[in-house]
Amino acid sequence: MPKKVHSGDHTSSAEPRVHQRGSEIQSYGTVTHAFHLELEEPVRLEMTEKLNQLLADSMSLRDLYKKAHWQVAGPTFYQLHLLYDKHFGEQVEIVDTIAERVQLLGGLAIAMAADVAETTQIERPPRGREEVPVVISRLLDAHQVIIRQCREIADRAAKLGDHGTNDMVVSDVLRSNELEAWFLSEHLVNTPLTYAGGEVSQAAD
Ligand SMILES: [Fe+2]
């Protein structure tokens, strides 16, 4: 049984006070008053709930990119390995931007993998390795889920007068996801790698 330590025992000690636990100071799904924002509490509650969904889905997409970066195989390995990691880095930035917007609005950002897993709408991939076109299709599907949400949140935020959320969602999340989706989708165009289709004409020697 651990030795019981009274709070006054270490007042003059340099010992770190480890293994501490306590009650929460704010429950998930609530917002603080944040009067300075001039945004009503119901608006901030609705926005933080929607942004947490977007956050959970963006965290899933971020992790899907790292899985793709590690597990990619085939003749396009090198360029895809680099592209996936570039998009991963951009999603890391996006995740931080969304999470800090939730906190700024007085809410609590979802953070831990288990909570994200319970919340995300992105389809769970297998643990194993899949072919390149399947991986790219999964990534595109995830972008589609996020892009759809961005437009809905931006519309709703504008209607409720939360222009900061509208601007963040459009400028930082929507545009980056649109661009990444374009880069991916071009990889699913069926163009030959080494031999042109149709009528082949070879230059005369
Ligand atoms: Fe890496």
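Quick check: is even one residue across region 31-39 more than 16 Å from the ligand (Cβ to nearest atom), over 20 Å from the mean Cα position of the chain (by Cα) and of a type in the set (Asp, Glu)?
Yes, that holds for at least one residue.
Checking each residue in region 100-120 for being farther than 16 Å from Ala142 by Cα, touching a helix residue (DSSP H, G or I) at 6+ places or on another chain (Cβ under 6 Å) and assigned to a helix (DSSP H, G or I) picks out Arg101, Val102. Applying a threshold of 8 Å to beta carbon distances and a minimum spacing of six or more residues, or different chains, the list of pairs starting in region 75-86 at a residue that is open to solvent by less than 40 Å² (accessible area, probe 1.4 Å) and ending at one that is part of a helix (DSSP H, G or I) and within 12 Å of the ligand (Cβ to nearest atom) reads Leu80/Ala68; Tyr84/Tyr65; Tyr84/Lys66; Tyr84/Ala68; Tyr84/His69.
Scan region 180-190 and give yes if some residue there is under 15 Å from the mean Cα position of the chain (by Cα) and modelled with pLDDT of 95 or more, otherwise no. Scanning region 180-190 turns up at least one residue that is under 15 Å from the mean Cα position of the chain (by Cα) and modelled with pLDDT of 95 or more. Between Leu54, Leu39, the distinction of being touching a residue at least 60 places away in the same chain (Cβ under 8 Å) and either assigned to a helix (DSSP H, G or I) or in contact with a strand residue (DSSP E or B) (Cβ under 7 Å, 6 or more places away or on another chain) (or both) belongs to Leu54 only.
With the requirement that a residue be in contact with a His (Cβ under 9 Å, 6 or more places away or on another chain) and either closer than 15 Å to Thr97 by Cβ or open to solvent by 20 Å² or more (accessible area, probe 1.4 Å) (or both), what does region 40-68 give you? Across region 40-68, the qualifying residues are Glu41, Leu61, Arg62.
Residues that are farther than 15 Å from Thr97 by Cα and among the charged types (D, E, K, R) within region 139-178 comprise Asp141, Arg148, Arg151, Glu152, Asp155, Arg156, Lys159, Asp162, Glu178, listed in sequence order. Close contacts from region 17-34, counting a first residue that is closer than 18 Å to Leu55 by Cβ and a second that is of a type in the set (Lys, Arg) and surrounded by 10 or more Cβ atoms within 10 Å (Cβ to Cβ), with Cβ to Cβ under 6 Å and a gap of 6+ residues or different chains, come to Val31/Arg44. For region 116-128, indicate whether the set of residues that are surrounded by 17 or more Cβ atoms within 10 Å (Cβ to Cβ), over 14 Å from the mean Cα position of the chain (by Cα) and either more than 16 Å from the ligand (Cβ to nearest atom) or over 24 Å from Glu41 (Cα atoms) (or both) is non-empty. Looking for residues that are surrounded by 17 or more Cβ atoms within 10 Å (Cβ to Cβ), over 14 Å from the mean Cα position of the chain (by Cα) and either more than 16 Å from the ligand (Cβ to nearest atom) or over 24 Å from Glu41 (Cα atoms) (or both), one finds at least one in region 116-128, hence yes. Residues that are closer than 17 Å to Val169 by Cα and among the aliphatic types (A, V, I, L, M) were ranked within region 63-106; the one that is farthest from the ligand (Cβ to nearest atom) is Leu105.
The values are calculated or read from the model by the stated rules, or taken from the named source; none is laboratory data. These numbers were taken from a predicted model, which means no experiment stands behind them. Counting neighbours? That spans all protein chains shown, and the Cβs are built from the backbone with ideal geometry, glycine included. Note: areas computed on protein heavy atoms with side chains; ligands, DNA, RNA excluded. Shrake-Rupley method; radii C 1.70, N 1.55, O 1.52, S 1.80 Å.
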